[in-house]
1. For K138, go through the aspartates and glutamates and keep the ones whose alpha-carbon is under 20 Å away, minus same-chain ones fewer than eight residues off.
2. What value, in deg cm²/dmol to 500, does the helix sum -39500 (n - 2.57) over DSSP H runs of n ≥ 4 give at 222 nm once divided by the residues of the chain?
3. Indicate the gyration tensor shape class of the chain (rounded, prolate or oblate), computed on the Cα atoms with a ≥ b ≥ c the square roots of the eigenvalues: a/c under 1.5 is rounded; otherwise a/b larger than b/c is prolate and the rest oblate.
4. Summarise the accessible area of segment 43-121 (1.4 Å probe, protein heavy atoms) by the percent that is carbon and sulfur.
5. What's the ranking of 121-129, 52-60, 68-76, 163-171 by average number of surrounding C-beta atoms within 10 Å, highest first?
6. Using the basic label-point model (7 angstrom from Cα toward the beta carbon), what is the R140 to A30 distance in nanometres?
7. Could you derive backbone 3J(HN,Hα) for segment 151-156 from the dihedral phi with the Karplus parameters 6.51, -1.76 and 1.60 (θ = phi - 60°), listing whole Hz in sequence and x where the residue is Gly or Pro?
8. Could you give each residue of segment 15-27 its phi-based ³J(HN,Hα) in whole Hz, using Karplus coefficients 6.51, -1.76, 1.60 with θ = phi - 60°, and x for Gly or Pro?
Amino acid sequence: MRDRIEIISQRLRLVALDVELTEWQLNDRARFFEALGVEPEPSWPPELVGIETMEWTRDQLAAHPHDAGWYSWVYISPIMNRLLGIGGFKGTPNAAGEVEIDYSMLVSYRERGLATEAVNALIGWAYNHDTVKRVIAKTRGDGHASHRVLEKAGFVQAGTFLDPDAGTEVIRWSHDRAQIAA
């Protein structure tokens, strides 16, 4: 495997998608799995990660290839050599030093603390960049499992708003760099 940005946590290997991987994820799934060194996953990708999201990520990385790491990461079990989930950021830090994180796990790997472990690893990676002051997340009001992931990772609710497109309540979460030192 060529040099790619990786994070190793207790139970996961996180790999930042680059232009090549995003293209294979869309158009050559067998090559995508092979490049990551994982077993083929018939249920890939997880919920909430549709073609539009994958195309958007590919297009962002094609326009900004040096920003790998600020978009999607895949979560891999190094023991099973399987993909477990995907998540990451919605781009580089904004002028206020904020990045937005999101995540989705395959159904069979939920409720094991793996999403929290991945979120914590990504937060740590983000805070290794001096420009990042805060990591935010947005969840549906009824996303109780997702709320628990963020709470366990140290996020606090920072407000709610109505998403006019979906017609649902959305909770904004926040995790500040200062929490790391506390």
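1. Once the sequence-local aspartates and glutamates are set aside, what remains near K138 is E47, E52, E98, E100, D102, E111, E117, E151, D163, D165, E169, D176.
2. On the way: 6 runs with 57 residues, N = 182.
Result for the chain: -9000 deg cm²/dmol, rounded to the nearest 500.
3. Details: a/c = 1.43, a/b = 1.36, b/c = 1.05.
Cα axes put the chain in the rounded bin.
4. Working: 1860 of 3610 Å².
Reported share for carbon and sulfur atoms: 51 percent.
5. On the way: 121-129: 18.1, 52-60: 16.2, 68-76: 24.1, 163-171: 11.2.
Ranked from most to least packed, the peptides come out as 68-76, 121-129, 52-60, 163-171.
6. Here the modelled spin labels are 3.6 nm apart.
7. Going residue by residue, I get 4, 5, 8, x, 6, 10 Hz, with x marking Gly and Pro.
8. After applying 6.51 cos²θ - 1.76 cosθ + 1.60, I find 10, 6, 6, 10, 4, 4, 5, 5, 5, 5, 4, 7, 10 Hz.
The values are calculated or read from the model by the stated rules, or taken from the named source; none is laboratory data. The shown structure was predicted, so the numbers you read here are calculated from the model rather than taken from an experiment. With ideal geometry, Cβ positions are generated from the backbone for all residues, glycine too; neighbour counts draw on all protein chains shown. Please note that ligands, DNA and RNA were not included when accessible areas were found on the heavy atoms of the full protein model with its side chains. Shrake-Rupley method; radii C 1.70, N 1.55, O 1.52, S 1.80 Å.
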